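Undergrad: Here it is, the structure in full.
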Amino acid sequence: EKKKQLIGKKILINAGPTHERIDPTRYISNYSSGKMGFALAEECAERGAKVILVSGPVRLKTIHPNIFRIDVESAEEMYNATLSKFSEIDIGILCAAVADYKPLYYSENKIKHKANEPFSLELTSNLDIALALGKMKKSGQILVGFALETENELSNSIEKLQKKNLDFIVLNSLKEKGSGFQTNTNKITIINMIGKQKEFPLKSKKEVAIDIVDYILSL
Ligand code: PMT
């Protein structure tokens, strides 16, 4: 039996990728499966929290009755769903791989293929959910972000942590084998506001979720 240390807490988690529509048949996205965010949702729910899980398009099921799931498709939908819930929650964990860019224009009709002609798609920046929540954060609320890096891992993570006003950031690097997208395992380093780092070995995403929740409880 798990210790129910999170009874009475409301936790908002976002997970998965977002799909940015190009036309009725195509979209831009990334490789996120939702596994890391869903493992966090399960772990928080098992410890007694009420969880709001805002999920991009994934193939995963949620089982725990404490998890209230909101499915969204685009970064804009995820932004709206997440921001609308933030004032009622104690802890936010931002695990989603939100697309940084979306097509500037959506084509109502399927874009026709023209052989031998280059084609370019104009993109525009999506809103940053973590940045917005960091600005809204009230004292007593805890905000946790992730950093997915491929180079300059520590300095990039610290920059994101500070810019987005997070309480700590969970770094996972695509340079580490068994880490990041789609795998059932992850290797993380937690970095807090005073720059203190805690490195963990490669573990299952379930175990990584336990470590992250334990870290939150230690704050
Ligand atoms: O889903 P899985 O297959 O299990 O993979 C898990 C994961 C690799 C997706 C996950 O562990 C992870 O690292 N999620 C964050 C991915 C990401 O977009 O990282 P980032 O370094 O680009 O973004 C930094 C932080 O800002 C993240 O908390 C992100 O959610 C947030 N962000 C980014 C862009 C944006 N427009 N809005 C945001 O809120």
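Undergrad: How many residues does the range 1-54 contain that are within 21 Å of Glu88 (Cβ to Cβ), polar (S, T, N, Q) and within 16 Å of the ligand (Cβ to nearest atom)?
TA: 1
Undergrad: Collect the residues in the range 13-32 that are assigned to a loop (DSSP other than H, G, I, E, B) and within 23 Å of Glu122 (Cβ to Cβ), keeping them in residue-number order.
TA: Filtering the range 13-32 for residues assigned to a loop (DSSP other than H, G, I, E, B) gives 16, 18-19, 24-25, 29-32.
Passing the criteria: Thr18, His19, Pro24, Thr25, Ser29, Asn30.
Undergrad: Six or more apart or on different chains, Cβ atoms under 6 Å: show the pairs whose first residue is in the range 15-26 and more than 12 Å from Glu77 (Cα to Cα) and at pLDDT 95 or above and whose second is β-branched (Val, Ile, Thr) and within 16 Å of the ligand (Cβ to nearest atom).
TA: Once the first residue is more than 12 Å from Glu77 (Cα to Cα) and at pLDDT 95 or above and sits in the range 15-26, its partners that are β-branched (Val, Ile, Thr) and within 16 Å of the ligand (Cβ to nearest atom) give Gly16/Val58.
Undergrad: Tell me which of these Ile158 doesn't satisfy, since it passes every other one: (1) within 23 Å of Val208 (Cβ to Cβ); (2) assigned to a helix (DSSP H, G or I); (3) within 10 Å of the ligand (Cβ to nearest atom).
TA: So Ile158 meets the others, but not (3).
Residues checked against (1) within 18 Å of the chain's Cα centre (by Cα); (2) within 13 Å of the ligand (Cβ to nearest atom); (3) farther than 22 Å from Leu60 by Cα:
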| site | (1), (2), (3) |
| --- | --- |
| Phe168 | yes, yes, yes |
| Lys177 | no, no, yes |
| Phe181 | yes, yes, no |
| Leu202 | no, no, yes |
| Glu207 | yes, no, no |
| Tyr215 | yes, no, yes |
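Undergrad: Tell me, yes or no, whether the range 90-101 has at least one residue that is farther than 29 Å from Lys203 by Cβ, within 14 Å of the ligand (Cβ to nearest atom) and crowded, with 17+ Cβ neighbours inside 10 Å. If you could, list the steps in order and put the result at the bottom.
TA: Start the filter on the range 90-101 by keeping residues that are farther than 29 Å from Lys203 by Cβ, which leaves 101.
Going one step further and asking which of them are within 14 Å of the ligand (Cβ to nearest atom), we end up with 101.
Then keep just the ones that are crowded, with 17+ Cβ neighbours inside 10 Å; that gives none.
No, that holds for no residue.
Undergrad: Can I ask one more? When the residues of the range 45-89 are narrowed to those that are within 13 Å of the chain's Cα centre (by Cα) and touching a residue at least 60 places away in the same chain (Cβ under 8 Å), which ends up surrounded by the most Cβ atoms within 10 Å (Cβ to Cβ)?
TA: Among those that are within 13 Å of the chain's Cα centre (by Cα) and touching a residue at least 60 places away in the same chain (Cβ under 8 Å), it is Met78.
Undergrad: OK, next. Across the range 1-34, what is the number of residues that are acidic (Asp, Glu) and out of contact with any strand residue (DSSP E or B) (no Cβ under 7 Å at 6 or more places or on another chain)?
TA: Just the residues of the range 1-34 that are acidic (Asp, Glu), to begin with: 1, 20, 23.
Of the ones still in play, those that are also out of contact with any strand residue (DSSP E or B) (no Cβ under 7 Å at 6 or more places or on another chain) are 1, 23.
Residues that pass the stated criteria total 2.
The values are calculated or read from the model by the stated rules, or taken from the named source; none is laboratory data. This one's a predicted model, so the numbers in the text were calculated from it and none came from an experiment. Note that we place each Cβ from the backbone using ideal geometry, even for glycine, and neighbour counts take in every protein chain shown.
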